[in-house]
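Trainee: There's a structure below that I have some questions on.
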Amino acid sequence: MNTCPSWRCLAITWGAAAIGLSPVEGVADDAGSSGDSPYEVVETTLAWKELDVGFPAPLGSEETFGVRTSGPTGALTLEEAVRWAEARDPGLAALRLEVAAVEAEASGVDVRPNPELGIELENFAGSGGASGLGGAEATVSLSQAFELGGKRSKRKALGDHESNLARWEYTLARNDRAAETKVAFVAVMAAQEQLQLAEDLVLVAEEMLASISRRVKAGSSSPIEESRARVELEITKVDLEEARRELASARTRLASNWNGATFDLSFDAVGSLDVHEETPTLDELLARLDTSPAFVRWDAESERRRAGLALERAMARPDLTIGSGIRYSADGDDVSLLVGVGLPLSVFDRNRGASVAAERRIERVATERAMERNQAATELAQLHHDLIANQNEARAIRVRALPEAETAFAAARDAYLRGAMRLTDVLDIERLLFELRSRYVAVAAAYHTSYAEIQRRLGTPVNGNLESSGGRGPAQDGMGGSR
């Protein structure tokens, strides 16, 4: 039985394959591209450091997201709290990995189809002349599919849009985390101020009790008034303990934004709850809505759907397959070359259904965007209404009610010490004063919470937002105590 020398067959095989699969003008995918050979291997490595979506650097040396033993201590500004949340939140970490995954997928969508190696053995192990391997024919071929219709470039465009959309999803999640952190930060600041008020009220109650005790010893007041003052002091101490628990709870909620509920929570939120005199109008806020990340993200989604439609339309065009090889006949030791061309006929499947579905999904994006914009405009209007209401109430308390209450309390206390006013009246005025101070803190916190929610929807700072400058706001002026 004649055989083909292995080296000669191998040389003829790959020589024929190289001749048959040389790039053909007008056949290669994406005219005007790099024009690389179908054998060229492009290795793409997506490194984490190559991502450019503004990912925050991890704080400290820890790189895993679990129970931690360290966290912020001492004075903590709003900017630092947001930075901790962005760097340590497990949800954001998961989205960063998802962006990396989408980028990795997009990096490999524009490669050419793999060539196909085929091996066939015919006319053997039969009967008669086809018994054994004496009449066997061996065919070794190599074929390559050439995508037509610009499929590679359209896949690349779709991959780029999907990567862009993933980055916008991360941006929205990052904005949400920042807004939630700001709301929690405001709650800590308000709890700190309420604790300060409770401490101040205890000091005032102790001073009142001491004054009444002196009057009782001098015979100027009844022991019943001293008992009443002691009861009032005990009530203020109970309120003080409640304020401490509220502050601890608020700090825990804030630390949960950076997965730090198990941290040492001995930090103080530093900033000011001042209520600004100027507030943007609703028209100014609505004008910024279309350029907010939430709606730029819808634009990115629309572009991704259009890229998907372009790819589906390109898929309707069949691909060209060119192959070549050699055939070796054991009977006669004959070797011949083979060349083949394959082109599917678009008779039944023209990918019409997928193209129509892609068109409907583009229309759906426009509808969903309009629906979300209406909802966002309604929410902005409500938030702006709350903002103005809180601003007006805070101004009324600070400018008119608080000065009057402070003056009345000072006068009432002096009048009681002169014996010109009953203790119950003094305590009523005292309670009113501290309720006003507490209400101012609550209203100021609601004001800044509304600003944080507005910023969540617009994605950018708004004039009048919470400032992280040191110092105490008007709610603490003249409160009879210091931190």
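Trainee: Is the stretch 332-345 home to any residue that is among the aliphatic types (A, V, I, L, M) and free of Cβ contacts under 8 Å to residues at least 24 places away in the same chain?
Mentor: yes
Trainee: Look through Ala101, Ala179 and report the one residue that is buried (at least 18 other Cβ atoms within 10 Å of the Cβ), at pLDDT 90 or above, under 38 Å from the mean Cα position of the chain (by Cα) and among the small types (Gly, Ala, Ser).
Mentor: Ala179
Trainee: Any idea which of Gln391, Gln375 is within 34 Å of the chain's Cα centre (by Cα) and buried (at least 16 other Cβ atoms within 10 Å of the Cβ)?
Mentor: Values: Gln375 fails: buried (at least 16 other Cβ atoms within 10 Å of the Cβ).
One residue alone meets the criteria, Gln391.
Trainee: So which pairs qualify, if the first residue must be in the stretch 381-396 and farther than 13 Å from Tyr451 by Cα, the second must be surrounded by fewer than 16 Cβ atoms within 10 Å (Cβ to Cβ), the Cβ gap must be under 9 Å, and the two must be at least 6 apart or on different chains?
Mentor: Hits for this filter: Arg395/Glu277.
Trainee: Among the residues of the stretch 252-274, are any of a type in the set (Lys, Arg) and more than 22 Å from the chain's Cα centre (by Cα)? Please lay out each step first, then the result.
Mentor: Initially, the stretch 252-274 is screened for residues of a type in the set (Lys, Arg), giving 253.
Applying the additional criterion that residues be more than 22 Å from the chain's Cα centre (by Cα) yields none.
No; the residues of the stretch 252-274 include none that is of a type in the set (Lys, Arg) and more than 22 Å from the chain's Cα centre (by Cα).
Trainee: Mind listing just one residue for me: the one in the stretch 209-224 that is surrounded by fewer than 22 Cβ atoms within 10 Å (Cβ to Cβ) and not small (Gly, Ala, Ser) and, of those, modelled with the lowest pLDDT?
Mentor: So the residue we want is Arg215.
Trainee: Which of the residues belonging to the stretch 306-344 are of a type outside the set (D, E, K, R), outside any strand (DSSP E or B) and at pLDDT 85 or above?
Mentor: Ala307, Gly308, Leu309, Ala310, Leu311, Ala314, Met315, Ala316, Pro318, Leu343, Pro344 - these are the residues of the stretch 306-344 that are of a type outside the set (D, E, K, R), outside any strand (DSSP E or B) and at pLDDT 85 or above.
Trainee: So, one more: Can we say Ala173 is surrounded by fewer than 20 Cβ atoms within 10 Å (Cβ to Cβ), small (Gly, Ala, Ser) and assigned to a helix (DSSP H, G or I)?
Mentor: Numbers: surrounded by fewer than 20 Cβ atoms within 10 Å (Cβ to Cβ): yes; small (Gly, Ala, Ser): yes; assigned to a helix (DSSP H, G or I): yes.
In short, yes.
Trainee: Residues that are in a helix (DSSP H, G or I), closer than 30 Å to Leu78 by Cα and free of Cβ contacts under 8 Å to residues at least 60 places away in the same chain: does the stretch 197-217 have at least one?
Mentor: Checking the stretch 197-217: at least one residue is in a helix (DSSP H, G or I), closer than 30 Å to Leu78 by Cα and free of Cβ contacts under 8 Å to residues at least 60 places away in the same chain.
Trainee: Report yes if Ser127 is out of contact with any Gly (no Cβ under 6 Å at 6 or more places or on another chain), farther than 30 Å from Gly260 by Cα, hydroxyl-bearing (Ser, Thr, Tyr) and modelled with pLDDT of 90 or more, otherwise no.
Mentor: no
The values are calculated or read from the model by the stated rules, or taken from the named source; none is laboratory data. Only a predicted model underlies this, so the values are computations on that prediction, with no experimental measurement involved. Cβ sites come from the backbone with ideal geometry, for glycine too, and all protein chains shown count toward neighbours.
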